[in-house]
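Below: the structure, in structure tokens.
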Amino acid sequence: MTTDLAPGPKVDPKIAATADFLDTRLGISKMFKGLGRKLFPDHWSFLLGEIALYSFIVLILSGTFLVFFFVPSMNEIHYPHDALPVTMQGQPMSEAFASTLNLSFHVRGGLFMRQLHHWSALIFVGAMVIHMLRILFTGAFRKPRELNYLIGFLMLITSLLAGLTGYSLPDDVLSGNGLRITDGVVRSIPIIGSYMSFMVFGGEFPGMDVIPRMYALHILFIPGLILALVAVHLFLVFWHKHTQYPGPGRTDKNVVGFPLFPIYVAKAGGFFFIVFGILGLMGATMSINNVWNYGPFDPALVGAGAQPDWYMLFLEGSLRLMPGWEVVIGGFTLSLNVLIPAVVIPGLLFTILGAYPFIHNLVTKDTGEHHVLDRPRNAPTRTAIIVAVLSAFFVLLGAGANDLIATHFSLSLNAITWAFRILFFVLPVVAFVVTKRVCFGLQRKDRELVLHGHETGRVVRFASGEYAEVHQPLDEFERWVLVGQDLPKPLEIEPAEDVNGVRRPGHTKELRRQNLSRFFYEERVEPVTPAELAAAHATGAHDALPASAGRDVHELEARSH
Amino acid sequence: MSIEQSDHSTELTEHPATFPNPGLPPHRPRLGDEDPKAAKRSERLVLLLFTVSVLASIAAIVGYFAIPVDPETGSVGNTRLSTLIIGLGLGLGMLGIGTAAIHWAKSLMNDHDKVEERHEIAGDAETRSTAIEMFNDGAKDTDIARRPLIKGALGGALALAPLPFLVPLIGNLGGDWDISRFKRTAWAPAANGDRIYLATDPTNRRIKASDVTIGSLFHVMPWNLPEHPNYLDEKAKAVVLLVRVDPQDLKETEERASWSYDGIVAYSKICTHVGCPVALYERETHHLLCPCHQSTFDVTDEAKVVFGPAGRALPQLPIDVDENGYLVAQRDFDEPVGPSFWERER
């Protein structure tokens, strides 16, 4: 029986009993009161994180399917003579590889699930990386969201581990060589490297242990970790309320958007099905990792033109670019040719990436809460830094495919490698300068638009014979997006000596900080002020015709006839 | 911007420093907001998309039952078709729901922007002082300030407590931890002094020196290695590439002059960079190329690195022939094979 707690609005009788059941046990009315109509702003780039989340759900679902048919064992068996594919019949292989073949060929929907799982993994990491770039480009990592950024960063790292461990499971020639490279990298670590290699493989490579171990990590430990991080990440998104892009009516003190129920239940819920659907179509139609073409792992075999999954390609590229430096110090070997590209460079990259919000705070001394995002052009130095790092990343991706570039374009492999070595250092500098200029150019374009309005394509002739194009001024809502930014100013510090000529303590430190702040903020294009706009309207005889009044134009036209 | 030129000086006097935020723009009605027919069309489209989803899901289930993939009746074609139908059915089934829900939300549900106030993340002064008070009360209850020894003891105990878990965990992971195994391969002569024959990989046939013609490349492993209990571990270290070149092309130091036989040289197949098999041989240039990271080694010059990230030459296996003309290893490699490691030179 439903208890009538209070007079007031009544819920639809069809769900009243359920609602009452849940409320009296879970207090669901309180939850709904807090969250049900919570507002979320709308923007396509907010979907990137959702793609990552939904791919992760698809990964868990398809992975559960695979777990039931995959055997994580390195015991050697001979593939049955009646099982497909024909090329593998009677071949010696591990049970892991045999079960991968079996689930691909003789489990209905098995191959689809494998392909769905692999594509979801690629899209999962891809969506995370692009989501992270969106966060960086728009400044969404700023106070109060630094810690949530860090959680997202940890998810990226754990996802890379998930990819690495999952890729190794089928025990085919490619994945085996991937593990072999991992072994080579681990061995290069000073002092503990050899022991770490033994720790990973339970002895020497390949041993009998690595696949069961990777399996345990891949299906239990790592997804559990990611799931926990996802929960905290999403909780904090709710807790902080979502950021919003600049727009009329939007401030750091409000959220403008649509309510969770029903708009986002339908939109975000629907988007889950769209992501699942597209991944499904990919799994159905795009074959991936056909392990029977590579064959079971044999430490003497390797495939030419083999590339790892895309998110490991930069490591592969960095290994390929490094010259063969190896030194022996006091009888101990230091493989700089492996240590630098596979440990030091990714270590640096990830440290800077993870610490960026804190570096930003340190440099800018920015203490305010930010909920309205930056348009990337309005933070030129930051945008340029991100593009510069990205360009180096792309060089490494290219280097990871240098053999394919060489064979497809009939170029010398050595020349390509040398070109990439040089590009790795030169391109980021060029990218930084160019991006910064492009940002300033776009900001000036915004000013131009505000001051002179949209081109209408209508050319009129004055009585004097002069021609001019009619411009359509922006309305106040469109204009706000272009003039609303509050650009940070470079740090002002006190002079080195006070009025009495005594040196102030801590001045050098402040000077350093000021230099950094100038690097970020000194060169700037200020948004148009109301005074400038008025002046432009008043003076710009042919630039800004008073086009708001079509009447004036008619007059002009009339006069010109 | 030349503001001075303006003769409308009155307009210039009182401008604010920045533009004011104009507030929410007026709502722009959608087609369906004004035209009931358009709304009806949207509704029909939503219904159609849900129907597509239903049909696709049914098709996937039919495909599951209709196409056998078991070893007796299955074929590669069946597997392919089954994958396609189940996948397309599932994919379209999901896409139908997703597109229908989003079209519904975008074209038919209320799309008036709403505004909600944010509150500062930090608690207000009152909340903060209450929290501090509560914390201080709690801390006082523990009496820890007056008994600092407890703090130290707690820290010490907590620091040590994970070790009984971690030490056995990590201690067991490395097996026997005998890293000196990196330095030995299956080419070492047997206990009774028998030398190890070179055999083809994977057919395990011994190789006569006379079989090795100039320019040919043999993939080699120790004879009868497949019977070894740790076959793959040993194979991962012991595989060798055997090449015969014109003895005049061979640049050999005096020390290694006896390591080859009539232009036949044997080098470790495991790359000294990170351990991929160096599988490609270019007969014209006598270069061995690792397909993983393109380290290139010169067979005629003691397999020294010509290009790429490898830091060292491929180790050479000293070979000989027995009385019947079969190739045999004189002894194990003089140095560890494969990627470098910290204790390599020790």
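Only residues that are more than 10 Å from chain B (Cβ to nearest Cβ), under 15 Å from A:Y215 (Cβ atoms) and surrounded by fewer than 22 Cβ atoms within 10 Å (Cβ to Cβ) were counted in the stretch A:71-98, giving 5.
Checked against (1) part of a strand (DSSP E or B); (2) modelled with pLDDT of 90 or more; (3) among the small types (G, A, S), A:G465 passes all but a single condition, namely (1). Among the numbered conditions (1) surrounded by 10 or more Cβ atoms within 10 Å (Cβ to Cβ); (2) farther than 30 Å from B:R346 by Cβ; (3) within 34 Å of the chain's Cα centre (by Cα), the only one that B:S129 does not meet is (3).
Just so you know, in the stretch A:506-519 the residues that are touching a residue at least 12 places away in the same chain (Cβ under 8 Å) and out of contact with any helix residue (DSSP H, G or I) (no Cβ under 8 Å at 6 or more places or on another chain) include one that is farthest from B:P22 (Cα to Cα), and it is A:H507.
Scanning the stretch A:173-200 for residues that are farther than 13 Å from A:M312 by Cα and within 30 Å of the chain's Cα centre (by Cα) gives A:L174, A:G176, A:N177, A:R180, A:D183, A:G184, A:V185, A:V186, A:S188, A:I189, A:V200. On the basis of being of a type in the set (G, A, S) and loosely packed, with under 14 Cβ neighbours inside 10 Å, does A:S410 make the cut? Yes. Among all residues of the stretch A:60-68, there is at least one that is at pLDDT 95 or above, within 11 Å of another protein chain (Cβ to nearest Cβ) and surrounded by fewer than 19 Cβ atoms within 10 Å (Cβ to Cβ).
The listed residues are A:G354, A:G347, A:G330, and the only one of them that is touching a residue at least 60 places away in the same chain (Cβ under 8 Å), of a type in the set (G, A, S), in the same structural domain as A:R145 (by TED's automatic domain parsing) and surrounded by fewer than 18 Cβ atoms within 10 Å (Cβ to Cβ) turns out to be A:G354. All but one of (1) assigned by TED's automatic domain parsing to the domain that holds A:T158; (2) surrounded by 15 or more Cβ atoms within 10 Å (Cβ to Cβ); (3) among the polar types (S, T, N, Q) hold for A:T417; which doesn't? (1) is the only condition that A:T417 fails. Taken across the stretch A:211-228, residues that are within 18 Å of A:N177 (Cα to Cα) and surrounded by 21 or more Cβ atoms within 10 Å (Cβ to Cβ) do occur, with at least one present. Quick one: would you say B:E343 is more than 14 Å from every other protein chain (Cβ to nearest Cβ) and surrounded by 17 or more Cβ atoms within 10 Å (Cβ to Cβ)? Against the criterion (more than 14 Å from every other protein chain (Cβ to nearest Cβ) and surrounded by 17 or more Cβ atoms within 10 Å (Cβ to Cβ)), B:E343 does not qualify. Close Cβ contacts (under 7 Å, 6 or more residues apart or on different chains) running from residues in the stretch B:178-189 that are facing another protein chain (nearest Cβ under 8 Å) and surrounded by 16 or more Cβ atoms within 10 Å (Cβ to Cβ) to residues that are polar (S, T, N, Q) and in a helix (DSSP H, G or I) comprise B:I179/A:S194; B:F182/A:S194. Could you please find all residues in the stretch A:22-44 being exposed (fewer than 13 other Cβ atoms within 10 Å of the Cβ) and either in a helix (DSSP H, G or I) or in contact with a helix residue (DSSP H, G or I) (Cβ under 7 Å, 6 or more places away or on another chain) (or both)? Matches in the stretch A:22-44: A:R25, A:L26, A:K30, A:M31, A:K33, A:G34, A:L35, A:W44.
Do the conditions hold for A:F238, that is, is it modelled with pLDDT under 95, in a helix (DSSP H, G or I) and either closer than 22 Å to A:E76 by Cα or more than 12 Å from every other protein chain (Cβ to nearest Cβ) (or both)? Against the criterion (modelled with pLDDT under 95, in a helix (DSSP H, G or I) and either closer than 22 Å to A:E76 by Cα or more than 12 Å from every other protein chain (Cβ to nearest Cβ) (or both)), A:F238 qualifies. Of the helices (runs of 4 or more DSSP H) that lie entirely inside the stretch B:120-183, not one contains 3 or more residues that are within 24 Å of A:G207 (Cβ to Cβ) and in contact with a strand residue (DSSP E or B) (Cβ under 9 Å, 6 or more places away or on another chain). If we scan the stretch A:126-145, do we find a residue that is in a helix (DSSP H, G or I) and either in contact with a strand residue (DSSP E or B) (Cβ under 8 Å, 6 or more places away or on another chain) or within 14 Å of chain B (Cβ to nearest Cβ) (or both)? Scanning the stretch A:126-145, I find no residue that is in a helix (DSSP H, G or I) and either in contact with a strand residue (DSSP E or B) (Cβ under 8 Å, 6 or more places away or on another chain) or within 14 Å of chain B (Cβ to nearest Cβ) (or both), so the answer is no. Need at least 1 residues that are over 19 Å from A:G178 (Cα atoms) and within 7 Å of chain A (Cβ to nearest Cβ) per element, so show me which strands (runs of 3 or more DSSP E) inside the stretch B:273-312 make the cut, counting only ones lying wholly within it. Strands (runs of 3 or more DSSP E) meeting the threshold: B:304-307. For A:D42, the criteria (1) more than 30 Å from A:L229 (Cβ to Cβ); (2) in contact with a strand residue (DSSP E or B) (Cβ under 8 Å, 6 or more places away or on another chain) hold in every case but one, which is (1).
When the residues of the stretch A:192-208 are narrowed to those that are at the interface with another protein chain (Cβ under 7 Å from one of its Cβ atoms) and touching a residue at least 12 places away in the same chain (Cβ under 8 Å), which ends up surrounded by the fewest Cβ atoms within 10 Å (Cβ to Cβ)? Here the residue is A:G207. Scanning the stretch A:484-505 for residues that are within 19 Å of A:N361 (Cα to Cα) and free of Cβ contacts under 8 Å to residues at least 60 places away in the same chain, we see that the one that is surrounded by the most Cβ atoms within 10 Å (Cβ to Cβ) is A:P490. Counting only residues that are touching a Leu at 6+ places or on another chain (Cβ under 7 Å) and on the phi > 0 side of the Ramachandran plot, the stretch A:160-217 holds 1 of them.
The values are calculated or read from the model by the stated rules, or taken from the named source; none is laboratory data. The model shown is predicted, which means the values in this text are computed figures rather than measured ones. Cβ sites come from the backbone with ideal geometry, for glycine too, and all protein chains shown count toward neighbours.
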